[in-house]
1. Once you charge only the Cβ atoms, +1 for Lys and Arg and -1 for Asp and Glu, what is the size of the charge dipole of the chain about its Cα centre, to the nearest 20 debye?
2. Could you grab the relative contact order for the range 158-210? Cα pairs under 8 Å, six or more apart, rounded to a whole percent.
3. Once the dipole of the chain is set up with Lys and Arg at +1 and Asp and Glu at -1 on Cβ about the Cα centre, which of Thr376, Ala248, Ala327 lies farthest towards its positive end?
4. Given N residues in the range 270-309, what is Rg(Cα) / (2.2 N^0.38 Å)?
5. In the chain, with Lys and Arg counted as +1 and Asp and Glu as -1 at Cβ, which of these residues, Ala300, Ile270, Phe144, has the Cα nearest the positive end of the dipole, that is, farthest along it?
6. Tell me the relative contact order for the chain as a rounded percent, counting alpha carbon contacts under 8 Å between residues six or more apart.
7. Any idea what % of Cα-Cα pairs in the range 353-412 are farther than 13 Å?
8. Among Met250, Met191, Met30, which one moves the most in a GNM of the chain with springs linking Cα atoms closer than 10 Å?
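Only the coordinates and a few stated rules stand behind these numbers; no lab work does. These figures come from a predicted structure and were not determined experimentally. We place every Cβ from the backbone using ideal geometry, glycine too, and count neighbours over all the protein chains shown.
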Amino acid sequence: MNRASTTRKRIAVNSGMTWRARATISTLAMVGPASVAGAHFIQSMVLLHHVSHAAFGGYAFLLSFVAFCWTAWQATFCAPLPHSTHAVKPHRQRFVERIAGSGNLTASLLGLPLFAAVPLLVGLDYSSAAFFAAFACISLLRWFGRAHAYLHARQLRSFLSDIVYASALTASILALASSGEVTLAYVYGSMGAAALVALFPFGREFLEVSTAELGRRPVRRWIRLTGARSSWSLASVTCGELAVNATAYMVTIVAGGTAYAPIAATGLLIRPIFFASVAVQDVERPRLAGLIRERSFKEAQTSLAWARATLVLAWLATALAVAVLFALNPYLLFPRSYGFNTLLAGAVLWMGVSGLSALQGPDWSLLQALGLFRETAVVKAQAAAISVFVTGTVLLFAAPVWSVAGLIAGQLVNTYSVARLSRNCRSQWPADRVPAKRLAGS
C-alpha cells in the first residue's frame, strides 16, 4: 500500500470513533499546546520580574510578531494542505505534501532577514536579534511538522514535539532565573534551541517532505497548485491577525512598550486558550476534510460539537483560574508596579476576547476544510476594520488597557459571521450525499 492511500485510510479509520478515542485525541491535542503555553508563561513571568517595563513590552511585541508569522505560514502552507491533498488522486498526494513542505522550508529561510530586522527596530542588540530570527525560522518548520502529523492522524508526534519544546524551554528558563542574570539573547537562544530539538519527534518522513523539492521553486509551485486558496487564506489570516493584535500594534506605536506592558501581561492569562484553539483547529481541519469527502456528515457534525465543547470547557477552566487568582492576590504573578484596576480590566477584557475566539474555532475548521478561504477572508477583513476603528477611538478617550475592547468588537463580528457561514454550509448536508462541486468549495 502506498503512502497516499495510507493517508486516506488513516482519516477513514477516524470515522465513528468512540467517545474514549475522541477524548484521547482531544487530550493529546490540548495537553501539548497547554504545555507550550505553560512554558511561555513561566518565561514571561521570569522576564516580568527581571527586566524593565519597556523591555518586557518589546518582548511581548515580538511574541505577537512571531505569532503573526506562525499564522501567515499556517495559512499559506498548513491550512490549504488537507483540502489540496484530498483534491488530487491518491498517487499524487505524496507530491502535494512534498511541495508544501519544501515550500514552507524555503519561505522560512527567505524570511530570515525580516525576522532579524524587526527585533532590531524595537531596540534589540545584534546577537539577540540573530537568536530571535533563528527561533522564528525553526518554529515555522515545527508548525508545519505539526500540521503534517495531523494530516496523517499521527497526533502523538505533535504531542511529543510540544512536550519536548516545553520541557527544554522550561529547563533553560529556570536555569536562567536561578543564575540571576537574565539576558534577552539567552532567552531567544533557548527558544530557538528548544524549537530545534522539538523537530526530532516528526522523524525522517518530515525531513524528506521538507527537502525533497528544494531548489525547484517549491513556493511558486505550491501557490500554483493551490490556486487562489493560499492567497485568500493568507489574506484571511492577515486580516485576522490585524483584528486580534490591533491593540498590540497601535498601543506600542502610539504610547510605547511601557504602556503596552500591563496589557501584554494580562494577555498571558489567555495563552492556554489561544494554543488550545489552534490545536483543535489543526486536528479538526484534516479530519473534517476526510469526513466530508467520505460524505460522513453525521460524524462531521459530531466532531464539530465535540470540538466546540472542548474549547468551551478549556475557557471555563481558564476563567475559573483567573477568578481565583484575582480573589487571592494577582501580585503573586504580576509586578506591584501595575495597578490592580488596570490588571483586572485587562484580565476581564482578554477573557471576553478568548471566549468569543473559542466559540469560533470549530466553524473556522469547517470552512477551511471546505476550501472556503475567500469567504473567510471577507469576514476577517470586516472584523479587522471594526477592531482598528474601535481600538483607535478608545485610545483617544481612555486608558490604553481599554483598547482591548476593540478586539472584542472585532471578535463579535467574526463570531456572528462565521457561525452564519458554517450554518449555511451544514444546512446543505443531506443525510447521504452533497454535490461534489460544493465539497470542493467552489
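1. Working: 37 positive and 15 negative charges, 426 e Å.
Roughly 2040 debye, rounded to the nearest 20.
2. Numbers: 26 pairs, mean separation 30.6, N = 53.
Averaging sequence separation for qualifying contacts and normalising by length gives 58 percent for the range 158-210.
3. Of Thr376, Ala248, Ala327, it is Thr376.
4. On the way: Rg = 11.2 Å, N = 40, 2.2 N^0.38 = 8.9 Å.
After normalising by residue count via 2.2 N^0.38 Å, the value is 1.26.
5. Final value for the positive-end residue is Ala300.
6. Working: 624 pairs, mean separation 102.4, N = 442.
Relative contact order here is 23 percent.
7. Numbers: 1133 of 1770 pairs.
Pairs farther apart than 13 Å: 64 percent.
8. Greatest mean-square fluctuation among the candidates belongs to Met250.
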